[in-house]
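The values are calculated or read from the model by the stated rules, or taken from the named source; none is laboratory data. Treat the numbers as computed from the prediction; the structure is a model and nothing was measured. All Cβ positions, glycine included, derive from the backbone under ideal geometry; neighbour counts span all protein chains shown. Note: areas computed on protein heavy atoms with side chains; ligands, DNA, RNA excluded. Shrake-Rupley method; radii C 1.70, N 1.55, O 1.52, S 1.80 Å.
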Amino acid sequence: MSTTYHLKDWTDRYLKLRQAELDPATIKIHRRTCNLLFQYFGNVELKRLSRADAADWNLYLMTELEMSEATRCKHARVAKVIFERALDEERVAVNMFRKLKSTPSHVVHERTLVSELDVMKASVQEPRLKPILMLCYWAGLRRNEAMRLKPEHVDFDNNKIYVLPKAGKVTTKQKRRVVRLEVQLKEYLQELTTYNELKESLLCKLMKGKGFKLQQLRQTRDTIWHDNYPPHVASSWLGHSERVAREHYLSVSDHHYDHIALKKGA
């Protein structure tokens, strides 16, 4: 292992290695993390970094830069990956960032489900939003997935939606998957020739004041599907693991209480 390998040398090499493995948006996040590391540590020798230094960097993100917990956790996760790769290449003796908390705290009862009525009201208020609202609510698509979905990706005969990764590039984060086409969404999509033509900036502007976020529509669909289908099926359609579903998506709705009360009284 090199005794004079510095942070800048490693982050430059790391980004070069990952260029072919990650999509441009993810590379941008990793580059930002590299910059944050350099911003705090300078061009330090890797062997001089310790777990205490990693903890101090984490504290710096929270206190000095006043990052939200979600953003800080995101950079902590990337830092772990950066130094795990350094460990693999024997640039460091230990991954000093491995023990950093990198998962935001999520409380299930704070996850608010969105009703079909609220979705339809928002669609009436702003018709330009309707395609993306319908795709996020009835198919549980992520915002970027709904924005790039095309008519040829929908198989009406077999009730399937084919969700393709950005630019067709499969990565560890973006994979091709097949999603259930609900009857309500099928009837709506059959009326359209294009699904979405909104730009990101306009979409964000139109979503203001709607009372919910697009992520909550996906969260709601995840809960509905988990109530009605085996967990592995629902998770496959949503494109994440059961662990991710439990930690980030599944919510408690009013009918759960009715169901429990009914069972207890039976």
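Remarks
- The set of residues from the stretch 53-69 being in a helix (DSSP H, G or I) and open to solvent by 60 Å² or more (accessible area, probe 1.4 Å) comprises Asp56, Leu59, Met62, Thr63, Glu69.
- Flag if Phe83 is in contact (Cβ under 8 Å) with a residue 12 or more places away in the chain and open to solvent by 80 Å² or more (accessible area, probe 1.4 Å): no
- Val44 being in contact with a strand residue (DSSP E or B) (Cβ under 9 Å, 6 or more places away or on another chain), open to solvent by less than 70 Å² (accessible area, probe 1.4 Å) and touching a residue at least 12 places away in the same chain (Cβ under 8 Å): yes
- Conditions (1) of a type outside the set (A, V, I, L, M, F, W, C); (2) farther than 27 Å from Lys166 by Cβ; (3) within 28 Å of the chain's Cα centre (by Cα); (4) assigned to a helix (DSSP H, G or I); number of the one not met by Lys28: (2)
- Identification of helices (runs of 4 or more DSSP H) wholly contained in the stretch 98-213 with 1 or more residues that are at pLDDT 90 or above, open to solvent by less than 80 Å² (accessible area, probe 1.4 Å) and in contact with a strand residue (DSSP E or B) (Cβ under 9 Å, 6 or more places away or on another chain) yields 130-139, 143-148, 183-189.
- Among the residues of the stretch 42-51, the ones that are out of contact with any helix residue (DSSP H, G or I) (no Cβ under 6 Å at 6 or more places or on another chain) and either of a type outside the set (A, V, I, L, M) or over 15 Å from Val92 (Cα atoms) (or both) come to 6 in all.
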